[in-house]
């Protein structure tokens, strides 16, 4: 048996190929440690991280507050089962409801679980208050998770036949198209669910007027309005919650990714009038697990205390302007997004190639679509990191788009 601790990168990669289920194409390197805005692989190469663990590592890599919270909580209580309250659960729920304006919180381990909870809650509302309505309208190019239900909710065209049959009860309409949405609403509709900025869909924000009319429509029809803020919540867009850009509150909101700063954690928040679950309707082994609750509380408090939403707004503005400086040179169109969730389109479908070029130069970026580049660095990013990133990005584009 190979002692992984003593093996080199080549042996680690061979072990990975032998023992890890194939679900993704990964480059031939192994990440070993991280600090702040940087990651290092097992060969000692350093990478400036503008992916941020897919908008997860909001405080950067290996932040002290997470380490301290884990040590402190693990010395008192790791798990008591979901059958009991625990102190960190109550404290974290109070913190989140106080910051968000919602009344109740349910905790899970992943964004998909939180969105499943929102789907269940909407269908419960339909069953109790709307005569059995169960359909939920979502948007084309949306992304809500990888469970069977959240994949059915997701608006990726290629997913509609994947793992068929898809779960029924979802309709997909184009984002910001009120006429299409109105045409989709009928007596079976119990909710509308959407991201305020489509992340995986290519970073496309919701229009303010569309969202206002959508809120009015849901109020008129008694439907729930669900905001998926898995990627946008907790400072990512320059506000603590993306909904603050619009001044509109949903009936339920989901949070994930940055809520734990890298620790698996998510939340479903809702208003008291939708506190509808009966015992046994919803649950999970790790619901409100003390270790996760302590980490979540520490991370969210750090985001608030350090005003990282404001930092995301300022540094995101700087990044957007730096990208616009080279927009014409590289025929990029359009630079878009909010805060530190930005994207641009390339003049050719070479996104994967650009990601690979940047990786070779020590920069991590993401291409959610063949001609789209997405940037979502940790919320601790500073102008100096943008100044370090831009020459690497431009050098890679020079090679690829010459």
task = Between 319, 99, 291, find the one with the highest GNM mean-square fluctuation for the chain; connect C-alpha pairs within less than 10 Å.
result = 99
ask   = Pick from 87, 104, 120: which residue has the top mean-square fluctuation in a GNM of the chain where Cα pairs under 10 Å get a spring?
value = 87
message = Quick check on the exposure proxy: order 167, 37 from fewest to most C-beta atoms within 10 angstrom.
response = 167, 37
key: Percent of beta bridges antiparallel (DSSP, the chain, rounded to nearest 5)   = 60
message = Can you give me the orientation-averaged projected area of the convex hull built on the Cα atoms of the range 185-250, in nm²?
response = 4.5
task = When a/c is below 1.5 the answer is rounded, else prolate if a/b is larger than b/c, else oblate, so apply that to the range 13-114 with a ≥ b ≥ c taken from the square roots of the Cα gyration tensor eigenvalues.
result = prolate
key: Cα centroid separation, the range 27-58 to the range 148-185 (Å)   = 34
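Which whole-number percent gives the relative contact order of the range 2-138, counting Cα pairs below 8 Å spaced six or more residues apart?
Relative CO of the range 2-138 lands at 10 percent.
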request  = Divide by every residue of the chain the summed helix terms, -39500 (n - 2.57) for each DSSP H run of at least 4, and state the resulting mean residue ellipticity at 222 nm, rounded to the nearest 500 deg cm²/dmol.
outcome  = -11500 deg cm²/dmol
request  = Please say if the range 140-289 is rounded, prolate or oblate, where rounded means a/c under 1.5 for a ≥ b ≥ c the square roots of the C-alpha gyration tensor eigenvalues, and otherwise the choice is prolate for a/b larger than b/c and oblate otherwise?
outcome  = rounded
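Quantify how much of the Cα-Cα distance distribution of the chain extends past 35 Å, in percent.
28
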query = Which order do 139, 147 fall in if you start with the one that has the fewest other Cβ atoms within 10 Å?
reply = 147, 139
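Can you compute the FRET efficiency between residue 21 and residue 97 using 1/(1 + (r/R0)^6), with r the Cβ-Cβ distance and R0 = 60 Å? Round to the nearest 0.05.
With R0 = 60 Å, the Cβ-Cβ based efficiency is 0.95.
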message = Rounded, prolate or oblate, given the Cα gyration tensor of the range 128-198, with a/c below 1.5 counting as rounded?
response = oblate
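Can you tell me how much longer the chain between residue 285 and residue 29 gets when fully stretched, taken as 0.36 nm per residue apart minus their C-alpha distance, in nm with one decimal?
88.8 nm
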request  = Provide the gained length on full extension for the span residue 67 to residue 46, in nm with one decimal, where the gain is 0.36 nm per separating residue minus the Cα-Cα distance.
outcome  = 5.4 nm
remark   = Using alpha carbon centers only, the range 309-330 is separated from the range 73-91 by a whole-angstrom value of 42
note = So residue 75 and residue 14, fully extended at 0.36 nm per residue minus their Cα-Cα distance, gain in nm 18.3 nm
inquiry  = Between the range 193-252 and the range 266-286, what is the separation of their alpha carbon centroids in Å?
reply    = 20
task = Enumerate the residues in the range 179-212 having an amide nitrogen under 13 Å from the point lying 7 Å beyond the Cα of residue 156 toward its Cβ.
result = 199-202
Relative contact order for the range 64-305, counting Cα pairs under 8 Å that sit 6 or more residues apart, in percent = 30
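Each reported figure results from applying straightforward, stated rules to the coordinates on display, with no laboratory input. Since the model is a prediction, treat every value here as computed from it, not as a measurement. With ideal geometry, Cβ positions are generated from the backbone for all residues, glycine too; neighbour counts draw on all protein chains shown.
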